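K.L.:
This is the structure I have questions about; it appears just below.
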Amino acid sequence: MTAICDYLIIGGGSAGAVVARRLAEKTQGRIILLEAGKPDEGDPAATDLTRLDEQTADYDWGFRASPLAGAPPLLKYARARLLGGCANHNDCAFIRPPDSDFDDWERLGATGWNAAAMAPYWQRILDTITIETAPCHEASRCFIDAGLEMGLQEVDFAKEVREGVGLFPLNARGRTRQSSSITYLHPLDQLPKHLEVWTGCMAARLILENGCAVGAETARGSIRAAKAVVLACGAIQTPQLMMVSGLGPAEHLTAHGIPVIADLPHIGQHLRDHVAAPVVWETHEPVSGWEICPFEATMMLQLDPQAPAPDILFHFGLRVREKYADRARLATSGPAVKASPNVTRAKSEGQIRLSGPAMADKPVIDLNYFSDPGDLDLLLRALRLTRKLGETTAMRKLCRTEIHPGPAVQTDDEWKDYILSVCETVYHPCSTAAIGKVVTPDLRVMGVDGLFIADASVFPSLITVNINAAVMMTAEKAADCILHS
Ligand SMILES: Cc1cc2nc3c(=O)[nH]c(=O)nc-3n(C[C@H](O)[C@H](O)[C@H](O)COP(=O)(O)OP(=O)(O)OC[C@H]3O[C@@H](n4cnc5c(N)ncnc54)[C@H](O)[C@@H]3O)c2cc1C
């Protein structure tokens with residue numbers, strides 16, 4: 001069976017839901033939004049931020065990543081498999097990137113992506129979703145007070161991104177997530193009739209004819225799109241789908257027996273991610289009873305005074321979770337909290353490669369953290385300061401003792417060994433099909449007609465803050481690019 005539409009959007013996550021809604025507002029032809037996972041509507045595990053722990057394994061693609069060059073793929077790399085994508089899977093920290101990030105994108109070749117040009121897209125998001133902060137748990141207050149004790153100022157990060165300490169703005173209304181599916185698509189039964197959301201349906205391969213993308217193959221048959229195919233599978237699976245379809249580095253595709261349609265060597269390359277490592281403290285009392293989310297408080301540091309914006313961003317966790325699949329690296333015997341700095345504009349580059357020729361073959365995720373040694377130096381400096389945070393009066397009220405890395409770690413080499421053994425992701429992959437390398441500034445895939453990318457893959461570089469707000473801004477702009485094409 002073949003379905004015919006004007007626009008086919010593949011991936012119903014943060015980006016895909018935005019694009020679908022905006023195209024439906026401005027056009028009348030049939031639009032199909034294809035999502036491999038299940039619907040989120042009516043499922044509290046997906047829509048209620050406080051019930052995240054109820055999400056079972058089938059809400060996730062179950063990927064594993066190699067953190068360091070040559071390391072085994074033991075880092076659990078969460079990627080949502082449901083309508084709404086990772087924004088129904090995440091902690092809802094929602095911060096507009098500072099102007100310098102977008103101005104930097106323009107400098108890297110993304111003409112039309114400077115801060116002034118992006119401002120209207122942020123306004124569209126503000127007009128559509130609600131942003132709140134959580135009621136501050138007393139343990140989060142200790143962390144904020146510790147920052148004040150160290151001389152930082154309390155900052156409202158919903159208003160400005162600068163060095164300081166405060167609460168994360170959340171894309172949440174009370175306990176309800178404000179993911180793009182919830183805010184741009186729900187209620188699904190009241191969507192305009194020309195916008196169809198197909199859940200539980202994975203694109204297995206793009207249909208490419210005469211240098212043009214004309215649709216996709218799925219288990220429910222072919223879908224053909226007369227006007228455009230839009231990729232929004234996220235920074236891991238957008239390049240994977242392109243590669244299994246014959247678009248990518250020729251040698252790699254040939255090694256997997258995939259006929260090469262276009263040799264596009266940058267697809268899957270230049271993977272960027274926010275790399276983090278925590279300090280963990282045992283607390284005097286169990287920490288429980290947070291109202292919305294266990295990551296309420298944050299801190300931004302500008303260690304390099306010449307940097308355009310903070311180069312370190314913290315997640316303060318009211319609980320400690322292991323992110324490795326092999327063994328406990330952050331074992332705790334009692335109640336604990338953690339402060340985890342990450343390198344905001346990390347320069348290390350990894351890659352996404354295929355493990356086999358089908359979408360069902362899990363992609364190889366090589367993060368290649370610290371291939372740029374500057375990232376390791378910054379993280380080391382941030383962790384030394386994090387230890388000092390634990391020595392403040394405010395944190396001593398909360399914490400009994402530092403358990404990771406613990407007092408045995410003192411020298412730079414000891415800190416580096418620790419970082420290399422516990423470094424982890426905060427799940428912000430991007431740049432695997434970047435503007436200027438794979439797509440033009442109006443998000444067309446170079447060398448293939450009718451194919452656009454609308455998700456985090458197109459970021460020219462990593463940004464200063466958690467990336468979901470920037471993904472939604474990118475998708476808002478993508479809708480304009482597609483409409484004006
Ligand atoms: C655990 C976790 C915590 C995070 N915390 C935060 C946070 O607090 N703040 C923040 O800003 N960011 C956070 N992020 C990151 C943020 O949520 C993502 O960067 C953002 O949602 C990515 O949007 P996207 O549209 O690029 O991809 P996604 O939202 O991942 O959407 C991709 C969608 O495509 C679907 N798909 C994939 N392949 C196919 C296919 N072949 N056919 C059909 N459908 C397909 C997937 O199922 C998915 O629904 C977090 C991410 C995770 C995983």
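K.L.:
In segment 399-432, what residues are more than 15 Å from Ala382 (Cβ to Cβ) and either within 16 Å of the ligand (Cβ to nearest atom) or β-branched (Val, Ile, Thr) (or both)?
P.N.:
Within segment 399-432, Thr401, Ile403, Thr411, Thr425, Tyr427, His428, Pro429, Cys430, Ser431, Thr432 meet the criteria.
K.L.:
Another question about this same structure. Quick check on my filter: what residues within segment 177-213 are in a loop (DSSP other than H, G, I, E, B), more than 12 Å from the ligand (Cβ to nearest atom) and in contact (Cβ under 8 Å) with a residue 24 or more places away in the chain?
P.N.:
Matches in segment 177-213: His186, Pro187, Leu191, Pro192, His194, Gly211.
K.L.:
Examine segment 106-113 for a residue that is within 16 Å of the ligand (Cβ to nearest atom), in contact (Cβ under 8 Å) with a residue 60 or more places away in the chain and not small (Gly, Ala, Ser), and state whether such a residue exists.
P.N.:
No.
K.L.:
Follow-up question, since we're still on this one. Mind checking which residues of segment 413-444 are more than 21 Å from the chain's Cα centre (by Cα), closer than 30 Å to Cys481 by Cβ and in contact (Cβ under 8 Å) with a residue 40 or more places away in the chain?
P.N.:
Scanning segment 413-444 gives Asp442, Arg444.
K.L.:
Next question. Sort through Asp99, Asp91 and tell me the only one that's surrounded by fewer than 24 Cβ atoms within 10 Å (Cβ to Cβ), within 14 Å of Ala469 (Cα to Cα) and touching a Cys at 6+ places or on another chain (Cβ under 9 Å).
P.N.:
None of the other options fit; the residue is Asp91.
K.L.:
Within segment 114-138, which residues are in a helix (DSSP H, G or I), away from the ligand (no atom under 13 Å from the Cβ) and not basic (Lys, Arg)?
P.N.:
Passing the criteria: Ala115, Ala116, Ala117, Met118, Ala119, Pro120, Tyr121, Trp122, Gln123, Leu126, Glu138.
K.L.:
Return the residue satisfying two criteria in turn: it lies in segment 150-165 and is hydrophobic (A, V, I, L, M, F, W, C) and over 16 Å from Thr386 (Cα atoms), and of such residues it is surrounded by the fewest Cβ atoms within 10 Å (Cβ to Cβ).
P.N.:
Ala158
K.L.:
Scan (1) in contact (Cβ under 8 Å) with a residue 12 or more places away in the chain; (2) polar (S, T, N, Q); (3) farther than 24 Å from Pro249 by Cβ for the single condition Gln410 breaks and write down its number.
P.N.:
(1)
K.L.:
Under the condition of being within 15 Å of the ligand (Cβ to nearest atom) and more than 26 Å from the chain's Cα centre (by Cα), which residue from segment 216-231 is surrounded by the most Cβ atoms within 10 Å (Cβ to Cβ)?
P.N.:
Within segment 216-231, the match that is surrounded by the most Cβ atoms within 10 Å (Cβ to Cβ) is Ala225.
K.L.:
While we're looking at this one, here's another question. Which residue is nearest to Asn90 (Cα to Cα), if the candidates are limited to segment 424-443 and must be part of a strand (DSSP E or B) and β-branched (Val, Ile, Thr)?
P.N.:
Thr425
K.L.:
Follow-up question, since we're still on this one. Kindly provide the set of residues from segment 78-87 that are assigned to a loop (DSSP other than H, G, I, E, B) and either surrounded by fewer than 24 Cβ atoms within 10 Å (Cβ to Cβ) or near the ligand (Cβ under 6 Å from one of its atoms) (or both), ordered by number.
P.N.:
Residues satisfying the conditions are Ala78, Arg79, Arg81.
K.L.:
Counting just the residues of segment 274-306 that are part of a strand (DSSP E or B) and of a type in the set (Ser, Thr, Tyr), which one comes out farthest from Arg173 (Cα to Cα)?
P.N.:
Thr283
K.L.:
Quick one: Asn90 ticks every box in (1) within 9 Å of the ligand (Cβ to nearest atom); (2) touching a Phe, Trp or Tyr at 6+ places or on another chain (Cβ under 6 Å); (3) in a loop (DSSP other than H, G, I, E, B) bar one, so which box is it?
P.N.:
Answer for Asn90: the failing condition is (2).
K.L.:
Give the number of residues within segment 377-410 that are more than 17 Å from Arg319 (Cα to Cα) and buried (at least 21 other Cβ atoms within 10 Å of the Cβ).
P.N.:
The total comes to 5.
K.L.:
Now a separate question. Applying the selection to segment 444-485, what residues are assigned to a loop (DSSP other than H, G, I, E, B) and within 13 Å of the ligand (Cβ to nearest atom)?
P.N.:
Within segment 444-485, Ala454, Asp455, Phe459, Leu462, Ile463, Thr464, Val465, Asn466, Ile467 meet the criteria.
K.L.:
Which residue, of Pro39, Pro73, Pro44, is more than 8 Å from the ligand (Cβ to nearest atom) and within 28 Å of Ser348 (Cα to Cα)?
P.N.:
Among Pro39, Pro73, Pro44, only Pro73 is more than 8 Å from the ligand (Cβ to nearest atom) and within 28 Å of Ser348 (Cα to Cα).
K.L.:
Next question. Any idea which of (1) charged (D, E, K, R); (2) within 15 Å of the ligand (Cβ to nearest atom); (3) over 19 Å from the mean Cα position of the chain (by Cα) is the one Asp145 doesn't satisfy?
P.N.:
The one condition Asp145 does not meet is (2).
K.L.:
Taking into account only those residues within segment 214-253 that are β-branched (Val, Ile, Thr) and part of a strand (DSSP E or B), which is nearest to Ala434 (Cα to Cα)?
P.N.:
So the residue we want is Val230.
K.L.:
Anything in segment 333-369 that is among the hydroxyl-bearing types (Ser, Thr, Tyr) and within 20 Å of the chain's Cα centre (by Cα)? List them, or say none.
P.N.:
Those that are among the hydroxyl-bearing types (Ser, Thr, Tyr) and within 20 Å of the chain's Cα centre (by Cα): Ser340, Thr344, Ser348, Tyr369.
K.L.:
Tally up the residues in segment 206-236 that are farther than 21 Å from Ile482 by Cα, out of contact with any Gly (no Cβ under 7 Å at 6 or more places or on another chain) and modelled with pLDDT of 95 or more, please.
P.N.:
Matching residues across segment 206-236 total 5.
K.L.:
Can you tell me which of Gly234, Gly174, Gly257 is within 16 Å of the ligand (Cβ to nearest atom), in contact (Cβ under 8 Å) with a residue 40 or more places away in the chain and not aromatic (Phe, Trp, Tyr)?
P.N.:
Testing whether each residue is within 16 Å of the ligand (Cβ to nearest atom), in contact (Cβ under 8 Å) with a residue 40 or more places away in the chain and not aromatic (Phe, Trp, Tyr) leaves just Gly234.
K.L.:
Return yes or no: is Pro239 surrounded by fewer than 24 Cβ atoms within 10 Å (Cβ to Cβ) and in the same structural domain as Asp43 (by TED's automatic domain parsing)?
P.N.:
In short, no.
K.L.:
Would you please list the contacts, defined by Cβ atoms under 7 Å and residues six or more apart or on different chains, that run from a residue in segment 150-164 that is touching a residue at least 60 places away in the same chain (Cβ under 8 Å) to a residue that is aromatic (Phe, Trp, Tyr)?
P.N.:
As it stands, the answer is Phe157/Phe168, since those pairs meet every condition given.
The values are calculated or read from the model by the stated rules, or taken from the named source; none is laboratory data. Computed from a predicted structure; not experimentally measured. Note: ideal-geometry Cβ built from the backbone for every residue, glycine included; neighbour counts use all protein chains shown.
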